[in-house]
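Reading through the structure tokens given below for one structure.
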2 protein chains.
Amino acid sequence: MDSVEVFKALSNKTRLQILSWLKDPETHFPAQEQMSLDCHGVCVGQIQIKCGLSQSTVSEYLSLLQRTGLVTATRVGQWTYYKRNEEGIKLLEQFIQNEI
Amino acid sequence: MDSVEVFKALSNKTRLQILSWLKDPETHFPAQEQMSLDCHGVCVGQIQIKCGLSQSTVSEYLSLLQRTGLVTATRVGQWTYYKRNEEGIKLLEQFIQNEI
DNA sequence: CAAACATATCGCCTTTTTCCGATATAACAA
DNA sequence: TTGTTATATCGGAAAAAGGCGATATGTTTG
């Protein structure tokens, strides 16, 4: 885990919100079918609508969150579904408890 | 706690190192007398030497860490001693566990 | 095949961060 | 008082991040 990069990824209100929304996707993304929610996560378009930022910005935010290990991405057809990576988030918690 | 500002403060290798060094100041700052270490923390000059950055940069880093609640500062004579603020760090841990 | 759709990437400009040297402030010492 | 030491603050140049529109890539549908 590159801790500096992880903290940079978290240094942004929108990206923090995305992570928080993905804790409870059923509540925050009702427009999407339940099945894909549970299986793979939430697709970029739904997250973009909720953020209110441009498509390119949200796509870049999500790929940053993925590079830093905070979410995982699954491509299914023309959609990319993102969900929280609880293991990566646990690594962050451990880093803060042990190294900071 | 302004979580975005806290994560920005942690998005820097040197500032992370400072926090880590202050976990065990006796080991990392042997040049300083034990008494002030335990009482108030470590003074700016000692931290600056260990960082290898300019005096102004380190002073600004420390005041950023203080503004975000991660350390506390105590002025004693011509020295300012910095030490970890365990309460602020606990707030960060709780934020990560509850909000992220 | 072409058109439509979802996402990713590129180029660009603006804003913020990084880090420095110079200078200011404050405390101490002679 | 003057000089010295420790820290803080200011101003600026370079690098990075924020965020956009345009465009490219990949997938589905007709």
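In the condition set (1) over 30 Å from B:LYS23 (Cα atoms); (2) over 11 Å from the mean Cα position of the chain (by Cα); (3) crowded, with 19+ Cβ neighbours inside 10 Å; (4) more than 10 Å from DNA strand C (Cβ to nearest atom), A:LEU92 is compliant with all but (1). Of all the residues in segment B:50-79, those that are open to solvent by 50 Å² or more (accessible area, probe 1.4 Å), farther than 21 Å from B:ASP38 by Cα and out of contact with any Ser or Thr (no Cβ under 8 Å at 6 or more places or on another chain) number 6. Among the residues of segment A:39-68, those identified as more than 18 Å from A:LEU10 (Cα to Cα) and near DNA strand C (Cβ under 9 Å from one of its atoms) are A:VAL42, A:CYS43, A:VAL44, A:GLY45, A:GLN46, A:SER54, A:GLN55, A:SER56. The set of residues from segment B:6-17 being over 12 Å from B:ILE47 (Cα atoms), surrounded by 18 or more Cβ atoms within 10 Å (Cβ to Cβ) and charged (D, E, K, R) comprises just one member, B:LYS8. Count of segment B:72-90 residues, restricted to those that are aliphatic (A, V, I, L, M) and away from every other protein chain (no Cβ under 11 Å), is 2. Would you check which residues across segment B:18-49 are of a type outside the set (A, V, I, L, M), within 20 Å of B:THR74 (Cα to Cα) and open to solvent by 50 Å² or more (accessible area, probe 1.4 Å) and list them? B:LYS23, B:ASP24, B:GLU26, B:HIS28, B:PRO30, B:GLU33, B:GLN34, B:ASP38, B:CYS39, B:HIS40, B:GLN48, listed by residue number.
Scanning segment B:36-84 for residues that are in contact with a His (Cβ under 7 Å, 6 or more places away or on another chain) and near DNA strand D (Cβ under 8 Å from one of its atoms) turns up just one, B:TYR81.
The values are calculated or read from the model by the stated rules, or taken from the named source; none is laboratory data. Keep in mind the model is a prediction, meaning the values are calculated, not measured. When we count neighbours, we look across all protein chains shown, and the Cβ atoms used for this are built from the backbone with ideal geometry, even at glycine. Note: areas computed on protein heavy atoms with side chains; ligands, DNA, RNA excluded. Shrake-Rupley method; radii C 1.70, N 1.55, O 1.52, S 1.80 Å.
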